[in-house]
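The values are calculated or read from the model by the stated rules, or taken from the named source; none is laboratory data. Since we're looking at a predicted model, the values are computed, not measured. When we count neighbours, we look across all protein chains shown, and the Cβ atoms used for this are built from the backbone with ideal geometry, even at glycine.
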Amino acid sequence: MKIACLAGDGIGPEIMAEARRVLTALDLPGLTIWEGDVGGTGYKRHGHPLPPETLEMAQAADAVLFGAVGDPSCDNLERHLRPEQAILGLRQALGLFANLRPATMFPGLEDLSALRPEVAREIDLLIVRELNGDVYFGEKAIRTLADGRRQGFDFMSYAEDEVRRIAHTAFRAALGRKKRLCSVDKANVLETSQLWREVIVEVAAEYPEVEASHMYVDNAAMQLVRNPGQFDVVVTGNLFGDILSDQASMCVGSIGLLASASLGEQQTEFGVKGLYEPIHGSAPDIAGQGKANPMAMILSLAMMLRHSFGREAEATRVESAVAQALADGVKGADLGGNAGTDAIGAAVLERL
Ligand code: NAD
Ligand code: IPM
Ligand code: MN
């Protein structure tokens, strides 16, 4: 089982170290671990945020464990050299079109949610975010118009097959959950969303057991804080999914808790090939201070064990250890506690 560990920038290496300790403690047979540079680190060491050797490593691996990228000192580089291109490039090169971002309330954290505890208690949802299309990957530029004004543009589009495949992923996920699916779009304004909605309606006909609904993204943002318990599976495009998942994290209590799996169609000997990363970024404001919560990274490792290696038992063990640590009051600064990155990792290991 070949795993490419790409720690990246900022808090990436700090949280990756804790996930690696957990992986080591599981003592799985037949593991090969590779390490590669990405993001600002990739740029500074090799002149590119996704150096060819890192891309080759990710292509050869059965799964990629990814920390975070982003470095303020790189924000004025040409776009193709910025750290974020590493994660966008990997998602595209590996065909990882389905991004699963689960948000579930951890028992004992209800009072730490940004929502009232009785509202937060009901959260058990899965955001299925399309990851290979939308305004992220369309033509974009800043151009100068004939009259001399500068204009920025980003082309938003979805082809029907792109919508259909993420719809199937989401409906299948709903079948394994509470059989409710809400598709989030902006069909009242965007043609991209109009087609999205039409394709979701077509695919819904193939899943009569699933109760499908449609919601405009502005309403969805409101409903997510008004009554998040109404959602089971939420399927949406790349941009809306990015935004709604950060919002969902604070409904649960912290962005330091939300993991993700990015999956494509490639199968390996062990399961589906995937990339696993926290939903948060490199958190430059706290990098190097030992304050980052590594739980989202550790929970991403659990998703890797489940989806790419068929190790459901170990995945559940890791998730239970995190939940138990939280229930026992092990909290980082992001949750109003004082446990540092190492201490949180150690607490999870102890419970494992
Ligand atoms: P961010 O998610 O890095 O941080 C937002 C806030 O949340 C910050 O205050 C940060 O300290 C806090 N935070 C995030 N993760 C935390 C953790 N594990 N524990 C405790 N606190 C945590 O978002 P940002 O500040 O908008 O972006 C910083 C950089 O990260 C940017 O360069 C951005 O492009 C990049 N980014 C990368 C990824 C990725 O690698 N997939 C995701 C999001 C943002
Ligand atoms: C995420 C991040 C990325 C995204 C950025 C860093 C490109 O915000 O993984 O949520 O927008 O997808
Ligand atoms: Mn994001």
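Any idea which residue in the stretch 38-68 is nearest to ligand 1 (Cβ to nearest atom), counting only those that are in contact with a Ser or Thr (Cβ under 6 Å, 6 or more places away or on another chain) and of a type in the set (A, V, I, L, M)? Checked the stretch 38-68; the qualifying residue nearest to ligand 1 (Cβ to nearest atom) is 68. So which residues in the stretch 237-290 are among the aliphatic types (A, V, I, L, M), closer than 20 Å to residue 302 by Cα and more than 16 Å from ligand 3 (Cβ to nearest atom), if there are any at all? Hits for the stretch 237-290 are 263, 272. Applying the condition of being closer than 12 Å to residue 294 by Cα and charged (D, E, K, R) to the stretch 309-349 and asking which residue is nearest to ligand 2 (Cβ to nearest atom) yields 334.
Working carefully through the options 257, 244, 239, find the one that is hydrophobic (A, V, I, L, M, F, W, C) and buried (at least 24 other Cβ atoms within 10 Å of the Cβ). Walk me through it before giving the result.
Values: 244 fails: buried (at least 24 other Cβ atoms within 10 Å of the Cβ); 239 fails: buried (at least 24 other Cβ atoms within 10 Å of the Cβ).
It is 257.
Table: residues versus (1) modelled with pLDDT of 95 or more; (2) farther than 30 Å from residue 318 by Cα; (3) in contact with a Phe, Trp or Tyr (Cβ under 6 Å, 6 or more places away or on another chain); (4) within 16 Å of ligand 3 (Cβ to nearest atom).
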site: 19; (1), (2), (3), (4): yes, no, no, no
site: 23; (1), (2), (3), (4): yes, no, no, no
site: 27; (1), (2), (3), (4): yes, no, no, no
site: 35; (1), (2), (3), (4): yes, no, no, no
site: 57; (1), (2), (3), (4): yes, no, yes, no
site: 80; (1), (2), (3), (4): yes, yes, no, no
site: 87; (1), (2), (3), (4): yes, no, no, yes
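If you go through the stretch 104-113 one residue at a time, do you hit one that is in a strand (DSSP E or B) and either of a type in the set (Ser, Thr, Tyr) or crowded, with 19+ Cβ neighbours inside 10 Å (or both)? Scanning the stretch 104-113 turns up at least one residue that is in a strand (DSSP E or B) and either of a type in the set (Ser, Thr, Tyr) or crowded, with 19+ Cβ neighbours inside 10 Å (or both).
Among the residues of the stretch 321-340, which ones are without any contact (Cβ under 8 Å) to a residue 12 or more places away in the chain and over 16 Å from residue 296 (Cβ atoms)? Can you show your working first?
Pass one, the stretch 321-340, residues without any contact (Cβ under 8 Å) to a residue 12 or more places away in the chain: 337-339.
The answer is 338, and nothing else.
Among the residues of the stretch 173-192, which ones are free of Cβ contacts under 8 Å to residues at least 12 places away in the same chain and of a type outside the set (Val, Ile, Thr)?
Here is the first cut: in the stretch 173-192, the residues free of Cβ contacts under 8 Å to residues at least 12 places away in the same chain are 176, 189, 191.
Within the stretch 173-192, 176, 191 qualify.
Exactly one residue among 133, 148 is of a type in the set (Gly, Ala, Ser), modelled with pLDDT of 95 or more and on the phi > 0 side of the Ramachandran plot, and that residue is 148. Select from the stretch 252-275 the residues that are more than 16 Å from ligand 2 (Cβ to nearest atom) and either closer than 13 Å to residue 105 by Cα or assigned to a helix (DSSP H, G or I) (or both) and list them in ascending order. 253, the sole residue that qualifies. Among the residues of the stretch 294-318, the one identified as within 16 Å of ligand 3 (Cβ to nearest atom) and not hydrophobic (A, V, I, L, M, F, W, C) is 300.
Quick check on the stretch 307-320. Is at least one of its residues part of a loop (DSSP other than H, G, I, E, B) and surrounded by fewer than 20 Cβ atoms within 10 Å (Cβ to Cβ)?
From the stretch 307-320, those part of a loop (DSSP other than H, G, I, E, B) are 308-311; that's our starting set.
Cutting the leftovers down to surrounded by fewer than 20 Cβ atoms within 10 Å (Cβ to Cβ) gives us 310.
The answer is yes, given that some residue of the stretch 307-320 is part of a loop (DSSP other than H, G, I, E, B) and surrounded by fewer than 20 Cβ atoms within 10 Å (Cβ to Cβ).
Where strands (runs of 3 or more DSSP E) fall entirely within the stretch 126-214, those with at least 1 residues that are within 22 Å of residue 104 (Cα to Cα) are at 180-185. Within the stretch 19-32, identify whether any single residue is closer than 29 Å to residue 351 by Cβ and within 14 Å of ligand 1 (Cβ to nearest atom), and answer yes or no. Yes, the stretch 19-32 contains a residue that is closer than 29 Å to residue 351 by Cβ and within 14 Å of ligand 1 (Cβ to nearest atom). Here the condition is being under 15 Å from residue 123 (Cβ atoms), charged (D, E, K, R), at pLDDT 95 or above and within 15 Å of ligand 2 (Cβ to nearest atom); of 232, 246, it holds for 246 alone. Looking only at the stretch 280-302, decide whether some residue is more than 16 Å from ligand 2 (Cβ to nearest atom), surrounded by 23 or more Cβ atoms within 10 Å (Cβ to Cβ) and hydroxyl-bearing (Ser, Thr, Tyr). No, every residue in the stretch 280-302 fails to be more than 16 Å from ligand 2 (Cβ to nearest atom), surrounded by 23 or more Cβ atoms within 10 Å (Cβ to Cβ) and hydroxyl-bearing (Ser, Thr, Tyr).
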